[in-house]
Structure formats: structure tokens, C-alpha cells
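Following: one structure in C-alpha cells, then a few remarks.
What follows is calculated from the coordinates using simple rules that are stated; it is not laboratory data. Computed from a predicted model, the values in this text were never measured in an experiment. FYI the Cβ positions are ideal-geometry reconstructions off the backbone, even for glycines, and counts take in every protein chain you see.
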Amino acid sequence: MTDTAGPESARAWRVHRHGRPADVLQIEEIEVRPPGPGEVRVAVEAFTLNFNDLDGVYGRYRTVAPPLPYTPGMEVLGRVESVGEGATAVVGDRVVGRYTYRARHAGPFVGVWDGALAAFDGARQLLSFQRQHVFFTAAGGDPFVEAGHNLMLFAFLAAAVPMTVGVLRRLPPAYGAYVLAALALPLSYPVTPQPLMSLPRFLLVLFPLNMWLAAWLAARPRARMPALVVSAALMAFFVGQFATWHWVA
């Protein structure tokens, strides 16, 4: 059933320029369009305001940058007030919605190729020492920041490959199957501006990788201290990034 009833405008928090929330957030009346095919319109009753939303307000969310004017709130709770043609929801349904990045199903593990291309363009950008020509145009914001993020994510992928091979060779098959199944999600649904988005978070919770690394270090005593130093340096770096409100993928 199609129902496009509902108000033609709504009140919303809006950001027209980046800065402190107290300085740049303002309530405005905005136009609300009818829902299109397969869409629903929700009367919002509550929304979250989290780390990512504040990054959008301050202008620190620079790789997948929301365009201005920007309305914070990545998750909302409310009731369906109108539905478009083909939508399965019913007016009055209570629903939860969230903002989704521009992810797409590229095929099993095809995101590896997309990530490699983004990292290659990132290296070209940094080595060009200029911002006028942008090599990787899918993302918004500072091209050097985008390049650094995509290169860092590809470095995590490069480190994960030998570890995954080690799990498949040294541990029981169930552990390898678990790792491959867990990595299938981020590597098959790349986000267009940042194909390997959130890959480090997926890797950190894959305990078979840590099991293999522990076994590898146990057999190589000389590698233990360098591994400890690298681990401590990375922890200090990412804690510093997070503490200074920089995006940590």
C-alpha cells in the first residue's frame, strides 16, 4: 500500500559550517519530500549523538565526509508515517534506522582489489606533493588525509594475508574457516570512498590470528622484542589519534 500523507516540513538540527557544536548547530525548518519507491518516511522520536556525529560537526570526518548542510544523528528511532510504492512497512510501525555508508556488494573478496587501487592512488597523491590534482576522487575532504587512511588500511590488509595463510596451514580447519568467513564481510562489501573501512577492527577480534602469531613468536625468540616494540608503538600512535579526535578506522 502506498501512503504519502504527512507533514511537508520538519524541524532539524543543521550544520552549515564546521566548528564547536554550541557555535554551529541550529534548528531549522526543512522541506520533507514524499518517500520514493521502496522508501519509508519516519517521524523521528529519538536519535543518537555519538563520536562519528561529533566528527561530522567539527569537520574531522574527512574521508567519508558528510556534505554540508549536515544533520547529525546516525541512528534514529521513530514511527513510519508514510510509505512509498513497494515498501513493506506499514504506517504506524515503530522502527529503528541507521545511516549506511556507500557500501556495495562487489563479489567475494573483491574489496581487496578496490583497496589496492585506493592505496595505489593514495601513494601517487602523497608522492605528488600537491593537492590540486586528486588521484582518488571517490572520497571527500583533504586528499592527503584520504591517501593516508587508504594506505594505512592496505597495510593492515598486507599484514593480515600471511597471518591468515599461517592460520590455514598451522591451525585446525575450523579456525581458518572462521577467519575467512569473518573477513568476507568487509572484503566483499567495500565502501566506495574507503574500500577497506573498519578492516583493522575486524582483524583485532579474530583470535585465530593472535593464536598463530603467538605460535610463530614462540618458535622465534629473536622476533619477540621487535614484535613487542612494534605493537607498543602502534598502540601509542592510535591512542594518540583517538585522544585527539582523529578518525581511527
Legend entry - Whole-angstrom gap from region 170-243 to region 80-157, using each part's C-alpha centre: 21 Å
Inset, instruction - Output the relative contact order of the chain, whole-number percent, from Cα pairs under 8 angstrom with separation of 6+ residues. - result: 17 percent
Inset, instruction - Give me 163, 211 ranked fewest to most by other Cβ atoms within 10 Å of their Cβ, as a rough exposure proxy. - result: 211, 163
Legend entry - FRET efficiency estimate (nearest 0.05) - Cβ-Cβ, residue 205 to residue 169, R0 25 angstrom: 0.70
Inset, instruction - Kindly identify region 9-98 as rounded, prolate or oblate by the Cα gyration tensor criterion: order the square roots of the eigenvalues as a ≥ b ≥ c, call it rounded if a/c is under 1.5, otherwise compare a/b with b/c, prolate if a/b is larger, else oblate. - result: prolate
Inset, instruction - Take peptides 41-48, 214-221 and line them up by average Cβ neighbours within 10 Å, highest first, as a rough protection proxy. - result: 41-48, 214-221
Inset, instruction - Quick one: compute a quarter of the convex hull surface over the Cα atoms of the chain and quote it in nm². - result: 17.1 nm²
Legend entry - Loop-located chymotrypsin sites (Phe, Trp or Tyr not before Pro) in region 110-177, at most 15 other Cβ atoms within 10 Å (DSSP): 129
Inset, instruction - Between beta-carbons, use under 11 Å as the cut-off and find the net charge around residue 212, counting Lys and Arg +1, Asp and Glu -1. - result: +2
Legend entry - Computed P(r) (all Cα pairs; region 111-243; 5 Å bins; percent): 2, 10, 17, 19, 17, 16, 10, 6, 3, 1, 0
Inset, instruction - Let me know the shape class of region 67-169, please: from the alpha-carbon gyration tensor, a ≥ b ≥ c as square roots of the eigenvalues, rounded when a/c is under 1.5, otherwise prolate if a/b is greater than b/c, or oblate. - result: oblate
Inset, instruction - State the extension gain, in nm to one decimal, for the chain segment bounded by residue 128 and residue 9, taking 0.36 nm per residue of separation less the distance between their alpha-carbons. - result: 38.2 nm
Legend entry - Inter-probe distance in nm under a simple model that places probes 7 Å from Cα toward Cβ, at residue 246 and residue 109: 3.2 nm
